[in-house]
């Protein structure tokens, strides 16, 4: 049996198996029923490892041991394996989430927070900055910024970026609205986002900006994140966000944006011209 390495790599990624496990598993799938020795030969896996690997696959629900001698193994139907792996992943995720919930009630988290606060006291203001690569990481950090907002949030983004950000950030923005945090969003109004704009206008003041030349978020005039690249020209994996936590710079950016914001047209008016 010859299985391409590319296919084996996909199996490792999807099912969380190591190289020997996918080789033994695919070898068994090709035979249906087989011994450990046969599978080690077919899968090019050391015989000394075959039984351990099959035991691991059995625990994960990929194979079953056949009663009788010599000991043989039966391949579980791939569709059933997928369902078993899904249940396993879901159970592990629930267990991990529960552990983290329990952590919030222990002294461990308090000690970690104390370490962080003490460490911050010795950090130079210029050190409170960082770069994030990948749009997913950027939005995750952006959500963290917003959760800490007490007074105001200003978001400037492209029309497509508005849709993406609202998909990721709408729940936290709704919570901020309930806390009376002032939310302002400047973005381009297009036929692709006009319906969403009407919905978001219930929780934020939204204005139309024609072809925004920048993408950034300012929280409370103290914390700022701006994107360094044009989102229409960069792959999401290579998007870059620069985060700074300094009132001096963030407040200066907000003050510079104020005159522009005051001149912008309300999004609801701009929406009337969109067809």
Qualifying residue in the range 211-218 (condition: over 26 Å from residue 171 (Cα atoms) and surrounded by fewer than 19 Cβ atoms within 10 Å (Cβ to Cβ)): yes
Turns out the strands (runs of 3 or more DSSP E) fully within the range 1-109 with at least 1 residues that are without any contact (Cβ under 8 Å) to a residue 24 or more places away in the chain are 63-66
Among the residues that make up the range 233-240, is at least one of them surrounded by 19 or more Cβ atoms within 10 Å (Cβ to Cβ) and either outside any loop (DSSP other than H, G, I, E, B) or not assigned by TED's automatic domain parsing to the domain that holds residue 139 (or both)? no
Within the range 28-42, take every residue that is under 13 Å from residue 3 (Cα atoms) and in contact with a strand residue (DSSP E or B) (Cβ under 7 Å, 6 or more places away or on another chain) and give me the one that is surrounded by the fewest Cβ atoms within 10 Å (Cβ to Cβ). 29
Filtered residues of the range 53-81 (kept if within 17 Å of residue 41 (Cβ to Cβ) and either surrounded by fewer than 14 Cβ atoms within 10 Å (Cβ to Cβ) or over 36 Å from the mean Cα position of the chain (by Cα) (or both)): 70, 71, 72, 73
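The values are calculated or read from the model by the stated rules, or taken from the named source; none is laboratory data. Fair warning: this is a prediction, and the values are worked out from it, not measured in the lab. Heads up, the Cβs are rebuilt from the backbone with ideal geometry, glycines too, and the neighbour counts pull from every protein chain shown.
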